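To start, the structure under review is shown below, and the notes come after it.
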Amino acid sequence: MNTPSYTLNEAMEIAMLAAHSRSVVCLEGSPGIGKSSIVEMIAGALELPLYVINLPNHECTDLTGLPWYDRDTHQTRFAPPAMLPTRPAVVFLDEITAADTATKKAAQRLILERRIGDYRLPEGSVLICAGNLAAHRSGATAVNMALDNRMIHVPIRASFADFEAWALDAPVRPHTLRSVDPYLDISTGESTRLLPLQALAHRSHPTVLAYTRRRPSHLDSFAEARDRGESAYATPRSWGTVSRLLQAHDELGTDASLPTLEAAIHCTVGHAIGAEFVTYMREAMTMPDPSVVDNDPMHAPIPGEGDLANVGTAFAFITLLAATLTPDNVDNRIEWLARCPGEFIVCMNADCVRRHPWYAQSQAYVRLSATLCALTFVR
């Protein structure tokens, strides 16, 4: 019997319900699939500071606190660890399956009793765990059955729809999610970040988005890489790294070496997918500059013509146009888009709506909507 798995969005909904019911969720999935990103966005939605505790990096006493002798009561007490919150927060026990046995037992007390030693978790706090499974061959070991039975286990799978939402910088959660810094301690105005924020806070490079749209099966190649014993493989996280490599290369301009960039991509997502992406990237580099559309929208080449004859290059181009849309160039770009084949109109229009909230209120959007209606009617 196959165990069901859930997309990032579905897992977040389950985790939010668990948070409101004071239950503890354990997010399970292969490395780089987005477990930490879910927790970051939950903290933002709840407007609570986020404390990330990577359990394999800690010993048992880091959680219990060091013992000390109280001369007044003649008792042994434990000094509460500074890494645990003193006010309501989201506490993220990451990589729980990779922790040693003693640390797991200490974490178990915090999960079961919401206290450990002399420390009590502040009322209103949310506990979330995450880890890989033994099948992922990432150093994970089983958690005891008693603890397993006290958590809601949510297996996660990669979803292109979730990745696209990240790439377009759109919230993965519905409208209830607020754009706040999940690491911000509201009372002090200081960051409580203990680990770097993952790529979720940044937009994807247009070439990465266009490529993964064409090859959504290349979003996550962990299983294949694991079976082949390879250390570099594609995941939503590693595609975020590729985006940053491309952005750095763009910023460096002529000082950047293209072979170096290509080698770095191979070393990030693996050689098979890396080779295919590099081929696509080279094709995308032949596309015209967006200024061609901005300067003469009625005569600039459209998909199927000139430098946009290749379908992959054409999709990369409209992704770039959507990413760099501004109130100053929107009229010319939408005038050009209205000349394009229907599938390109639909794709770029959707990108613009999701990337730029102001776009749906513009006259250009109204005019293009009439074109879309006409296309639908004709079909």
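The values are calculated or read from the model by the stated rules, or taken from the named source; none is laboratory data. Every value quoted in this text rests on a predicted model; they were computed, and no experiment measured them. Positions of Cβ are generated from backbone atoms using ideal geometry, with glycine treated the same way; all protein chains shown enter the neighbour counts.
From the list 272, 360, 370, 322, the one residue that fits, being exposed (fewer than 13 other Cβ atoms within 10 Å of the Cβ) and assigned to a helix (DSSP H, G or I), is 370. Per the conditions (1) out of contact with any Cys (no Cβ under 6 Å at 6 or more places or on another chain); (2) more than 20 Å from residue 155 (Cβ to Cβ); (3) in a helix (DSSP H, G or I), the sole criterion not satisfied by residue 106 is (1).
Do we have any residue at all in region 326-334 that's among the basic types (Lys, Arg) and either within 17 Å of residue 214 (Cα to Cα) or surrounded by fewer than 19 Cβ atoms within 10 Å (Cβ to Cβ) (or both)? No, region 326-334 has no match at all. Does any residue of region 117-131 turn out to be surrounded by 15 or more Cβ atoms within 10 Å (Cβ to Cβ), closer than 30 Å to residue 219 by Cβ, among the hydrophobic types (A, V, I, L, M, F, W, C) and modelled with pLDDT under 90? Looking for residues that are surrounded by 15 or more Cβ atoms within 10 Å (Cβ to Cβ), closer than 30 Å to residue 219 by Cβ, among the hydrophobic types (A, V, I, L, M, F, W, C) and modelled with pLDDT under 90, one finds none in region 117-131, hence no. Which residue, of 321, 308, is in contact with a helix residue (DSSP H, G or I) (Cβ under 8 Å, 6 or more places away or on another chain), modelled with pLDDT of 90 or more and in the same structural domain as residue 284 (by TED's automatic domain parsing)? Among 321, 308, only 321 is in contact with a helix residue (DSSP H, G or I) (Cβ under 8 Å, 6 or more places away or on another chain), modelled with pLDDT of 90 or more and in the same structural domain as residue 284 (by TED's automatic domain parsing). I'm checking my understanding of the structure. Among residues of region 132-153 that are at pLDDT 80 or above and either among the aliphatic types (A, V, I, L, M) or touching a His at 6+ places or on another chain (Cβ under 7 Å) (or both), which one is surrounded by the fewest Cβ atoms within 10 Å (Cβ to Cβ)? This residue is 152.
So which residues in region 22-40 are more than 18 Å from residue 161 (Cβ to Cβ) and out of contact with any strand residue (DSSP E or B) (no Cβ under 9 Å at 6 or more places or on another chain)? Result: 31, single match.
Looking at 10, 47, can you tell me which residue is of a type in the set (D, E, K, R) and on the phi < 0 side of the Ramachandran plot?
Within the list 10, 47, the selection yields 10.
I'd like to check something: does region 223-236 contain any residue that is in contact with a Cys (Cβ under 8 Å, 6 or more places away or on another chain) and within 23 Å of residue 34 (Cα to Cα)? Full working, then the answer.
At the first step, the residues of region 223-236 found to be in contact with a Cys (Cβ under 8 Å, 6 or more places away or on another chain) are 232.
Checking the rest, the ones that are also within 23 Å of residue 34 (Cα to Cα) come to 232.
Looking for residues that are in contact with a Cys (Cβ under 8 Å, 6 or more places away or on another chain) and within 23 Å of residue 34 (Cα to Cα), one finds at least one in region 223-236, hence yes.
Scanning region 13-36 for residues being under 15 Å from the mean Cα position of the chain (by Cα) and under 17 Å from residue 91 (Cβ atoms) gives a total of 3.
Of the set (1) at pLDDT 85 or above; (2) of a type in the set (A, V, I, L, M, F, W, C); (3) closer than 24 Å to residue 21 by Cα, all apply to residue 102 but (3). Given the criterion among the aliphatic types (A, V, I, L, M), under 27 Å from residue 163 (Cβ atoms) and touching a Phe, Trp or Tyr at 6+ places or on another chain (Cβ under 7 Å), identify the matching residue among 318, 334, 345, 273. Among 318, 334, 345, 273, only 318 is among the aliphatic types (A, V, I, L, M), under 27 Å from residue 163 (Cβ atoms) and touching a Phe, Trp or Tyr at 6+ places or on another chain (Cβ under 7 Å). Determine, yes or no, whether residue 248 is surrounded by fewer than 19 Cβ atoms within 10 Å (Cβ to Cβ), hydrophobic (A, V, I, L, M, F, W, C), in a helix (DSSP H, G or I) and modelled with pLDDT of 90 or more. In short, no. Criterion applied to 278, 292 was being without any contact (Cβ under 8 Å) to a residue 12 or more places away in the chain, of a type outside the set (Asp, Glu) and surrounded by fewer than 21 Cβ atoms within 10 Å (Cβ to Cβ), and the one residue passing it is 292. Filter region 74-108 down to the residues that are surrounded by fewer than 15 Cβ atoms within 10 Å (Cβ to Cβ) and more than 23 Å from residue 45 (Cα to Cα) and list them by number. Listed by number, the residues that qualify are 74, 75, 76, 77, 79, 82, 100, 101, 102. Residues in region 203-224 that are in contact with a Gly (Cβ under 7 Å, 6 or more places away or on another chain) and among the basic types (Lys, Arg): 214 alone. Inside region 96-127, residues that are touching a Gly at 6+ places or on another chain (Cβ under 8 Å) and of a type in the set (Gly, Ala, Ser) make up a count of 2.
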